[in-house]
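Quick notes on the structure that follows.
The values are calculated or read from the model by the stated rules, or taken from the named source; none is laboratory data. The structure presented is a predicted model; accordingly, all values stated were derived computationally and were not measured. Note that we place each Cβ from the backbone using ideal geometry, even for glycine, and neighbour counts take in every protein chain shown. The area values use the complete protein model at the heavy-atom level, side chains included, leaving out ligands, DNA and RNA. Shrake-Rupley method; radii C 1.70, N 1.55, O 1.52, S 1.80 Å.
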Amino acid sequence: MDKFVVRGGNPLVGTVRISGAKNAALPAMAAALLTDEPVVLENIPEVRDIQTMRKLLVEMGAEVELGYGRAHHRTTIHCCGPIRAEAPYELVKTMRASTLVLGPMLARTGCARVSLPGGCAIGARPIDLHIKGLEHLGANITQDHGYIEARAGRLRGGHIVWDRITVTGTEELMMAATLAEGETVMENCAREPEVADLAALLTSMGARIHGAGTATIRIQGVPRLRGARHRIIPDRISAGTFVVAGAMTGGDLTVANCDASHLGALLQKLTETGANLQVADDGIRVTGDGRLLAADVNTEEYPGFPTDMQAQFMALVTQAAGTSVITENIFENRFMHALELGRMGANIKIEGRRAVVRGKTPLSGAAVLASDLRASASLVLAALVADGETIIDRVYHIDRGYERIEEKLRGVGAQMKRIGEMFPKRAALAPAQ
Ligand code: EPU
């Protein structure tokens, strides 16, 4: 298992380029199941979750072709042969977003078998609302041996009011409804930019969708969809993570190739902390001397403060003067990083869904354990300002969603390296035959 070794203390200076959004690319790849023509996706990030989705699509019978050289962030998906309509446990357990194939598979083939995801490090994360939504469109869904099995003739349009806002639920149903008979109206939808990006892809495939990116989405079903070419939006959470890194370490960092309009709530909070931000057309420049002030945040659905930036913001406010209160409203168990930050010297008290962070406390390098994707990012950020060396274990979590983060950070002055297994397996030591 790889680890990161980070030596803190260097201000970040230079330019870092942001890759495509993992959480936009995953549903876009699943959407390719809706047509027998090729779908070409550009700006796909090279991260582990994308590899998992490629593997799943190949298992289901899709032809998946990768771009090479300058086009290596391009993936062409062609589902022209018979589809094996199953997402097995082995893949779903490593990536919950695998369940995104359920809606398109059902709409295209009339049946789908998908392993139920279990619990998750950040919360229970059931998919009951996805199931309820598909039932509204006429699917018959049963559960057996840890799998859900969905069957339908042609899905038919329906009226769905989400009990609570769900990002992948909105995406799942939007995909399914594109091929349904008649109109689907969904209210209380997720308004995340990733939902709007998926709608843009589906529209270029011939779908008729109005209102994606707002709370009410209307989809007029069509009999078939065609192939398309689509460029994935930049990753707002990666961008936000680097902006926070710039603000924490001081220096002068430009986060290029991102869309600042997707980061409104975060940038407003960072301004409150005293970070100096300049927003340009395709990037954000952050400068400062590392002197920061406390700020409270409440995580909310978009356009509110993203839960996916909560851990990184917590790392930042350990370095801000005063008391910050962070309230996590989306996931019930998303404070695992607080304990690890505490081991580095942070003063954080957890009270249910609230974390009270008292700053500024000096951080010192320690051996810490990454528990999920964004928690790992917060440990990297803390390590960048800690005294001495931090060793972060289980960095496979960070590899799921950040493309070569250590190379990007090294490129702007961080002292950081990846180390492999300390003790190579015996087989690796055997002499060549
Ligand atoms: N929920 C239910 N039932 C459902 C669906 C959701 O109770 O059927 C609950 C969840 O347990 C959670 C809340 O509703 O408490 C919101 O969850 P949502 O469905 O919006 O989350 P998601 O779609 O599973 C996506 C991102 C997450 C991100 C959340 C919230 C993808 C692939 N994942 O998850 O990203 O945290 O939205 O913004 O888009 C990450 O990238 O690190 C990550 C976890």
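Apply the a/c threshold of 1.5 to the C-alpha gyration tensor of the range 255-303 and tell me whether it is rounded, prolate or oblate. Let's see the in-between values first.
Details: a/c = 3.07, a/b = 1.07, b/c = 2.86.
Judged from the Cα gyration tensor, the range 255-303 comes out oblate (a/c at least 1.5, b/c at or above a/b).
Of all the accessible heavy-atom surface of the chain, with the other protein chains kept in place and a 1.4 Å probe, what percent is carbon and sulfur?
Values: 8700 of 17730 Å².
With neighbouring chains kept in place, the figure for the chain is 49 percent.
How much accessible area does K360 have with a 1.4 Å probe, in Å² rounded to the nearest 10?
The value for K360 is about 120 Å².
When Rg is the radius of gyration of the Cα atoms in the range 1-81 and Rh is its Kirkwood radius, what does Rg/Rh come to?
Numbers: Rg = 16.2 Å, Rh = 14.4 Å.
Checking Rg against Rh, the ratio lands at 1.12.
Helix-only mean residue ellipticity at 222 nm, the chain, DSSP H runs n ≥ 4 weighted -39,500 (n - 2.57), per residue, nearest 500. What is it?
Value at 222 nm, helices only: -8500 deg cm²/dmol.
Two decimals, Cα atoms only, Kirkwood Rh: what is Rg/Rh over the range 202-337? Write down the numbers at each step before the final one.
On the way: Rg = 18.0 Å, Rh = 16.7 Å.
Expressed as Rg/Rh, it is 1.08.
What whole number of Å gives the distance from the Cα centroid of the range 291-322 to the Cα centroid of the range 59-129?
32 Å
Give the value in nm², to one decimal: projected area of the alpha carbon convex hull of the range 63-173, averaged over all directions. Intermediate results must be reported in sequence, preceding the final value.
Numbers: hull surface 34.9 nm².
One quarter of the hull surface, i.e. the mean projection, equals 8.7 nm².
Largest first, please: the extent of the C-alpha atoms of the range 94-253 along each principal axis, to the nearest Å.
Principal extents (largest minus smallest coordinate, Cα): 59, 37, 28 Å.
Identify, among I77, S19, L34, the residue whose Cα sits farthest towards the positive end of the charge dipole of the range 1-98, taking +1 on the Cβ of Lys and Arg and -1 on the Cβ of Asp and Glu, with the dipole about the Cα centre.
S19
What is the distance, in nm, between label points placed 7 Å from the Cα along the Cα-to-Cβ direction at K349 and at R154?
Placing both labels 7 Å beyond Cα along the Cβ direction yields 6.2 nm.
Report the charge-dipole magnitude of the range 344-389 in Debye, nearest 20, computed about the Cα centre from +1 at each Lys and Arg Cβ and -1 at each Asp and Glu Cβ. Let's see the in-between values first.
Values: 6 positive and 4 negative charges, 66 e Å.
The dipole of the range 344-389 has a size of about 320 debye.
What list of ³J(HN,Hα) couplings, whole Hz, do you get for the range 52-65 from phi and the Karplus terms 6.51, -1.76, 1.60, once you set θ to phi - 60° and write x for glycine and proline?
Calculated HN-Hα couplings, in order: 5, 5, 4, 4, 4, 5, 5, 4, 7, x, 7, 8, 10, 10 Hz.
Mind scanning K269/K360; K22/K349; K3/K349; K269/K417; K55/K132; K360/K417 and naming the pairs with a C-alpha gap bigger than 22 Å?
Numbers: K269/K360 17 Å; K22/K349 32 Å; K3/K349 27 Å; K269/K417 30 Å; K55/K132 28 Å; K360/K417 27 Å.
Result: K22/K349; K3/K349; K269/K417; K55/K132; K360/K417 exceed 22 Å.
Work out the FRET efficiency for A71 and A367 from their Cβ-Cβ distance, taking R0 = 60 Å, and round it to the nearest 0.05.
On the way: r = 40 Å, r/R0 = 0.67.
FRET efficiency, A71 to A367: 0.90.
Net charge near L91: determine it from the other residues with C-beta under 15 Å of the C-beta of L91, scoring Lys and Arg +1 and Asp and Glu -1. Walk me through the numbers on the way to the answer.
On the way: positive: R48, R54, K55, R84, K93, R96, R113, R400; negative: D49, E59, E86, E90.
Net charge around L91: +4.
How large is the direction-averaged shadow of the alpha-carbon convex hull of the range 266-333, in nm²?
Values: hull surface 19.4 nm².
The number I arrive at for the range 266-333 is 4.8 nm².
Provide the percentage of antiparallel DSSP beta bridges, counting only those with both residues in the chain; round to the nearest 5. Provide the component values of the computation, followed by the final result.
On the way: 58 of 84 bridges.
In the chain, DSSP labels about 70 percent of beta bridges as antiparallel.
Please report Rg (one decimal) and Dmax (integer) in Å for the Cα set of the range 127-167.
Rg then Dmax for the range 127-167, in Å: 10.9, 31.
In the full protein assembly as shown, how much of T307 is accessible to a 1.4 Å probe, in Å² to the nearest 10?
Looks like 20 Å² after rounding.
For the range 224-363, what proportion of DSSP beta bridges, expressed in % and rounded to the nearest 5, is antiparallel? Walk me through the numbers on the way to the answer.
Numbers: 22 of 27 bridges.
Antiparallel bridges make up about 80 percent of those DSSP assigns within the range 224-363.
When you have a sec, figure out the Kirkwood radius of the chain from all distinct Cα pair distances and drop it here in Å to one decimal?
On the way: mean 1/r = 0.0447 Å⁻¹.
Kirkwood hydrodynamic radius for the chain: 22.4 Å.
Rolling a 1.4 Å sphere over the protein heavy atoms, what is the accessible area per residue of the range 67-202, to the nearest Å²? Don't jump to the answer; show the numbers that get you there.
Numbers: 5540 Å² over 136 residues.
Per-residue accessible area for the range 67-202 comes out at 41 Å².
With the crude spin-label approximation of a point 7 Å out along Cα→Cβ, what separation in nm comes out for D36 versus Q268?
4.9 nm
With N denoting the number of residues in the range 287-433, provide Rg(C-alpha) divided by 2.2 N^0.38 Å, to two decimal places.
Numbers: Rg = 17.0 Å, N = 147, 2.2 N^0.38 = 14.7 Å.
This ratio for the range 287-433 stands at 1.16.
Cβ under 14 Å from L253's Cβ, L253 left aside: what net charge do those residues give with Lys, Arg +1 and Asp, Glu -1? Before the final figure, lay out the partial values.
Working: positive: R17, R285, K408, R410; negative: D252, D289.
Once all neighbours under 14 Å are counted, the net charge is +2.
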